[in-house]
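The values are calculated or read from the model by the stated rules, or taken from the named source; none is laboratory data. Please read all numbers here as calculations on a predicted model, not as lab measurements. Positions of Cβ are generated from backbone atoms using ideal geometry, with glycine treated the same way; all protein chains shown enter the neighbour counts.
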Amino acid sequence: MSTNHVLEYLRLIDTGHFAEALTHFEPDAMIISPSLRGGEALNFQDFSELVYDYERTATPEQLAEDHEVDKFVASGDTVMAEGFVTGPSSNRYFLISTRLAPSGLIQRYSYLTWQVEDEKVVKVLRA
């Protein structure tokens, strides 16, 4: 199972190509994140609409954020990545869990973030 779609997805969102990043999802993908509609599972169409809206309205600070992947694990059709989202005014820990379709595209996508301000906690999470 190829993990390229997950890595390329992260690269595209880090470079501000949010709509293009959607090409790495299956059309029937399900997405869940507590930061999206209160954790309600979204189908790909609803998620796409949120992505297009974010791409139009993101602030320069939001567009400057980068995912620094500290750990990347792939096993079978499951890919997980964790690290930090860093930017001019943010330092958030993230955890992404995906299930890939036979095509290698993302079929299930979960994304969690936590604001981290204590440097000791950052060191533990990065260990």
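Computed quantities for the displayed model
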{"quantity": "Close pairs (9 angstrom Cβ cut-off, 6 or more residues apart or separate chains): among the β-branched types (Val, Ile, Thr) in the range 24-50, surrounded by fewer than 15 Cβ atoms within 10 Å (Cβ to Cβ) and at pLDDT below 90 anywhere", "calculated": "Ile32/Gly39; Ile32/Glu40"}
{"quantity": "Output for the range 93-102, where each listed residue is buried (at least 16 other Cβ atoms within 10 Å of the Cβ) and either in contact (Cβ under 8 Å) with a residue 60 or more places away in the chain or over 18 Å from Thr15 (Cα atoms) (or both)", "calculated": "Tyr93, Ile96, Ser97, Thr98, Arg99, Leu100, Ala101"}
{"quantity": "Hits in the range 85-104 (condition: touching a helix residue (DSSP H, G or I) at 6+ places or on another chain (Cβ under 6 Å) and assigned to a loop (DSSP other than H, G, I, E, B))", "calculated": "Pro88, Ser89, Gly104"}
{"quantity": "Selection from the range 84-102 of residues that are at pLDDT below 90 and not hydrophobic (A, V, I, L, M, F, W, C)", "calculated": "Thr86, Gly87, Pro88, Ser89, Ser90, Asn91, Arg92"}
{"quantity": "Unmet criterion (only one of (1) out of contact with any Asp or Glu (no Cβ under 7 Å at 6 or more places or on another chain); (2) modelled with pLDDT under 95; (3) of a type in the set (Lys, Arg)) for Arg108", "calculated": "(2)"}
{"quantity": "Complete set of residues in the range 19-60 that are farther than 16 Å from Leu105 by Cα and of a type in the set (Phe, Trp, Tyr)", "calculated": "Tyr52, Tyr54"}
